[in-house]
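This report concerns only the one structure given below.
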Amino acid sequence: MASAVERTDDLVREYLIYRGFTSTLKHLDSEIKADKEKGFRVDKIIDQLQQLIQSFDLTGLKEYWAYLDRRLFSRLEDVYRPTVNKLRTSLYRFYLIHTVQVLQNTPKTQEFFLKQVLELQAQPEWRDWFALPFIPAPEQNPSFSPYFSRQWADTFLVSLHNFLSVLFQCMHIQTLPAMGCSASSEKKTDSDPDAQTEALPDQTDSTNQTRVCEVGGASVEQPFIKLSQEEYAEHHSSIMHCKVDCSGRRVASLDVDGVVKVWAFNPVMQTKATIMSKSPLLSLEWAAKPDRLLLLGSGVGTVKLYDTEAKKSLYEMSIDDVHPRILSLACSPSGTSFVCAAAAQAAHSGVATEGDARVSAPVSGQLLLWDTKTVKQQLQFALEPGPVAINCTGFNHNGNLLVTGAADGMIRLFDMQRYESALSWKAHDGEVYSVEFSYDENTVFSIGEDGKFVQWNIHRCGVKQSEYSLSQDAVGPFVLSGYSGYKQVQVPRGRLFAFDSEGQHVLTCSSSGGVIYRLNKADAGLESVLSLGGHKAPVVTVDWCSAMDCGTCLTASMDGKIKLSTLLAQKP
């Protein structure tokens, strides 16, 4: 429906331009801009509702919903009235929870009940809610705690999105006055988030209505809907690393000034700990068990074990004086050990002036295995050829395999049961910046200094399976231009790509935000399916946390801003 309306608008514009009716064209554009139905674009309608909620505009919210009710919902059969009422109830509760989370139970919460008392006091589902302004910590109260979870909020937004999508699809099939016909009842939409705090609604039928759009006359599947985008702005310099913990509850982010922030994003974005270090920090990694522990690698040959809940350092390990730069840390899924990649000093350390970004020859380095419980070094891996600086490391799901990418362009795969190299191969011209196992762990993907994004078969001695070319925006070194021609150049340190929960899509960096691609065969290239946007400076590292159907993409940039984008995966 939305695409048909947009095409019609464009045709009308072309006609008015052709006829020279410029005054009429201005009136048309003005009315389109003020159009409350947003050209039947579901995402635009939901954005408008969220903007009214975020600005605490209760009057505007009521008026906009009343308009939708009068213009659209009132034309439905009576059987759909309970669904509309439940959505309105959830919308009001969404507004209330926002006032509590952001304004800490200020008069805005009480104002809602004062204005709505006549309408709501006779409704049983609102009886307990009148106590909300007077409960000290409602997010801990059993009656209200489910509504403070990100899962409930996402469930409501998904339900509303599905309901509107089916509604507009029916409008596309037949005229609006006939909305009460059987076409409306062909699809059943789960639209009661209050009854579904444990799982997202079944979207099998309803999302199929919106999974396809038309581009240049061809149908293109849209695998994700961006539900929301929030900003974490507590850093004041470029980000190097940004990682979600194993449970998906917290994020650790490290900037080039050595400041680490540990923060939560569910149910609200909130800083939990700030770590300041006297020595420069270059790397970080979440421990697997317990997941509250954080490993911090420095530029002076030490690794610190930090308890993010107790907010204190538990232990500091001296790794290697000859190779003081701890470039990468990887914790085994078992939680009993971690791998540490240490390198000698180089001409640059993550941020450089323009022209210093590349090093003429790979620097020396070591790859070490440490025991987490005894806090002692277990062994040093043999690096052939070597010694060489390892830039990136990663375990497979059970910790039996370790993959590394090095400054000499080599990928090395280690057998962690025998603690020896299983195979190695020349992967890139220049350094390997980022490497990850694929979803099925039969291949590994890597990004190198040569701008190539490559998939390698680990059962055929590193045979190249697919190869894609990426722009410098996705690979680095990353450049941020300043005043008087000054340019800040940052060599990649964090993860440059991350997969969704099924390994079919990949998130990469770009100059203005993250970009999600569908993984195709090499000859088909990468197919861009969603640009997350939102950044004013180059994105230098990404992460993707998937939980049920709602995934969270993290994109961190050179101006210190981190965007958290919540996505809905539309299943076929």
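Could you pull out the pairs from Lys426/Lys487; Lys487/Lys561; Lys304/Lys536; Lys289/Lys563 whose alpha carbons sit more than 21 Å apart here?
Going by Cα-Cα distance, Lys426/Lys487; Lys304/Lys536; Lys289/Lys563 fall outside the 21 Å limit.
Given contacts defined as C-alpha pairs under 8 Å and at least six residues apart, what's the relative contact order of segment 50-139, whole-number percent?
Worked out over segment 50-139, it gives 22 percent.
Computed from the coordinates by the stated procedures, all read-outs in this text should not be read as laboratory data. Quantities reported herein were computed from a predicted structural model and do not represent experimental measurements.
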